[in-house]
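A quick write-up on the structure given underneath.
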Amino acid sequence: MPALDRYDRTYGALLGLAYGDAIGFPALFHRTHNFPERRREFLWRTNRDSARQRVIRLCLPFTHRLDPKDLEPSPTDDTEYALFTAGALLSAQSEPDADTFVNAWRTTILPDADTVLMGFSERAALDNLRRGLLPPATGNDNAQHYDDSACCRAVAVGLFASGEPDRAAALAALDAQITNAEDGIYAAQAVAAAVALLSSGASLDQALAAARAHFPPDSWIAHGDRTAQACAAEASGPQDLLLLLSTRLINTVYSYGNAAPETVPAAFVIAEMCGGDLQQAVSLANAIPKAADSLPALVGALCGAIQGAGAVSPLWQAKLNECRGLCLPALAGVCLDETAARLAQVAALPLGAE
């Protein structure tokens, strides 16, 4: 088997991200935001009424007289925000800095503030920007500063700085501080460092060792990583790991499944347990329902950088390659392969030669 080049690994990472993003149960509901509001209200109202009648079958998104393609698998928030960040980096005239990321938010997201779709930390950050705050205040003054929203954006950062994990981590921190603080930033730095190494051909062991170095020893994410690694050590295989992560790492107390100190450590040990195999790893990640919004996408990005674009079938590649602009209307029509080509080209240049 011929060695994979940088483009193949870069495109593989983006395809893996998009694949994990598209097949998750939450993405089915994300795609309903194309529907009239009354349809979405009917969906939730019907489930409420069913629960009152002691009926456990969920009413799931349906198209009825709408275009059936609206619910077909497609990239959603994880992919679009990663491509948005890639665009900001690729547009920089010199080495990107904090202004590179903030200005991208101001020019692309802020004008559509009332229509873009995003998570809690992004929405809080956007409100903070509208009030005149700047990073790091936008990420610190944020009730979900610990969430995993910056982690998928960090995939793009790692690809941009392929082969340079320290640079990738530094850039990821500048991006993450818009929406996050503390563990939310540490997680993004770890993902960026891992992707930077994997996309340049490093082993998974090397990449994750460098990534874990960004977890401060006494931090929440370091604790989560120790728990995840203990689960992996006890598990006899992927099936056991699924159960152990679900009962020991992914919490049942909090109402959302987007905590970076859980998502990122889980992604790392799943990729390790599955030996970097995208199909097995993403399927395993998708079998942890509470973490299914971001975990499969992150696992897909890591494994895609290892296996290259060929890990995703041509049929799926055709389905995933072009963004709809579901969450970020400005991203409609942006293609993964074209973005990957630009990222791979920039990553191959000497620093400062962009």
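The values are calculated or read from the model by the stated rules, or taken from the named source; none is laboratory data. In this text, all values refer to a predicted model and were calculated from it rather than measured experimentally. As a convention, Cβ positions derive from the backbone with ideal geometry for all residues, glycine included, and neighbour counts pool all protein chains shown.
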| field | Residues (closer than 16 Å to ALA285 by Cβ and not aliphatic (A, V, I, L, M)) located in the stretch 183-224 | value | GLY224
| query | If we scan the stretch 276-288, do we find a residue that is surrounded by fewer than 24 Cβ atoms within 10 Å (Cβ to Cβ), within 20 Å of ALA192 (Cα to Cα) and in contact (Cβ under 8 Å) with a residue 40 or more places away in the chain? | reply | yes
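Which residue, of GLY87, GLY139, is surrounded by fewer than 20 Cβ atoms within 10 Å (Cβ to Cβ) and of a type outside the set (Lys, Arg)?
Details: GLY139 fails: surrounded by fewer than 20 Cβ atoms within 10 Å (Cβ to Cβ).
Result: GLY87 is the single residue among GLY87, GLY139 that is surrounded by fewer than 20 Cβ atoms within 10 Å (Cβ to Cβ) and of a type outside the set (Lys, Arg).
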| message | Residues that are at pLDDT 95 or above, touching a strand residue (DSSP E or B) at 6+ places or on another chain (Cβ under 9 Å) and in a helix (DSSP H, G or I): does the stretch 168-186 have at least one? | response | yes
| Residue that is touching a Phe, Trp or Tyr at 6+ places or on another chain (Cβ under 9 Å), surrounded by 19 or more Cβ atoms within 10 Å (Cβ to Cβ) and closer than 22 Å to GLU182 by Cβ, where the choices are ALA260, ALA292 | ALA260
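Of all residues in the stretch 251-266, count the ones that are modelled with pLDDT of 95 or more and touching a strand residue (DSSP E or B) at 6+ places or on another chain (Cβ under 8 Å). Even if it seems obvious, please write down each step before you answer.
Step one: of the stretch 251-266, the residues modelled with pLDDT of 95 or more are 258-266.
Checking the rest, the ones that are also touching a strand residue (DSSP E or B) at 6+ places or on another chain (Cβ under 8 Å) come to 258-260.
Matching residues across the stretch 251-266 total 3.
Residue-wise test of (1) touching an Asp or Glu at 6+ places or on another chain (Cβ under 9 Å); (2) of a type in the set (Ser, Thr, Tyr).
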| position | (1), (2) |
| --- | --- |
| LEU298 | yes, no |
| LEU302 | no, no |
| GLY310 | yes, no |
| ALA318 | no, no |
| LEU326 | yes, no |
| GLY333 | yes, no |
| THR339 | no, yes |
| GLN345 | no, no |
| In the stretch 252-310, which residues are of a type in the set (A, V, I, L, M), within 19 Å of ALA187 (Cα to Cα) and part of a loop (DSSP other than H, G, I, E, B)? | ALA292
| query | Just to be sure, is ASP205 of a type in the set (Asp, Glu), modelled with pLDDT of 95 or more and within 25 Å of ALA82 (Cβ to Cβ)? | reply | yes
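Among the listed residues ALA51, ALA82, identify the single one that is surrounded by 19 or more Cβ atoms within 10 Å (Cβ to Cβ) and either free of Cβ contacts under 8 Å to residues at least 60 places away in the same chain or assigned to a helix (DSSP H, G or I) (or both).
On the way: ALA51 fails: surrounded by 19 or more Cβ atoms within 10 Å (Cβ to Cβ).
Residue meeting the stated conditions: ALA82.
Across the stretch 5-22, what is the total count of residues that are crowded, with 19+ Cβ neighbours inside 10 Å and either aliphatic (A, V, I, L, M) or not in a helix (DSSP H, G or I) (or both)?
Step one: of the stretch 5-22, the residues crowded, with 19+ Cβ neighbours inside 10 Å are 6-22.
Filter again for either aliphatic (A, V, I, L, M) or not in a helix (DSSP H, G or I) (or both), leaving 13-15, 17-18, 22.
Total meeting the criteria: 6.
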| note | The condition from (1) part of a helix (DSSP H, G or I); (2) under 30 Å from SER255 (Cα atoms); (3) in contact (Cβ under 8 Å) with a residue 60 or more places away in the chain that LEU90 misses is numbered (2)
| request: Considering (1) under 24 Å from ASP166 (Cα atoms); (2) among the polar types (S, T, N, Q); (3) touching a residue at least 40 places away in the same chain (Cβ under 8 Å), say which one SER203 fails and leave the rest. | output: (3)
| request: Write out, first by first residue and then by second, each pair whose Cβ atoms fall under 7 Å of each other, whose residues are 6+ apart or on separate chains, and whose first residue, in the stretch 1-24, is in contact (Cβ under 8 Å) with a residue 40 or more places away in the chain while the second is of a type in the set (Phe, Trp, Tyr). | output: TYR19/TRP316
| request: Starting from the stretch 59-70, keep only residues that are within 16 Å of TRP44 (Cβ to Cβ), then list their pairs with residues that are part of a loop (DSSP other than H, G, I, E, B) and among the acidic types (Asp, Glu) whose Cβ atoms are within a distance under 7 Å, requiring at least 6 positions of separation or different chains. | output: none
| task | Only residues that are hydrophobic (A, V, I, L, M, F, W, C) and assigned to a loop (DSSP other than H, G, I, E, B): list them for the stretch 54-79, please. | result | VAL55, ILE56, LEU58, CYS59, LEU60, PHE62, LEU66
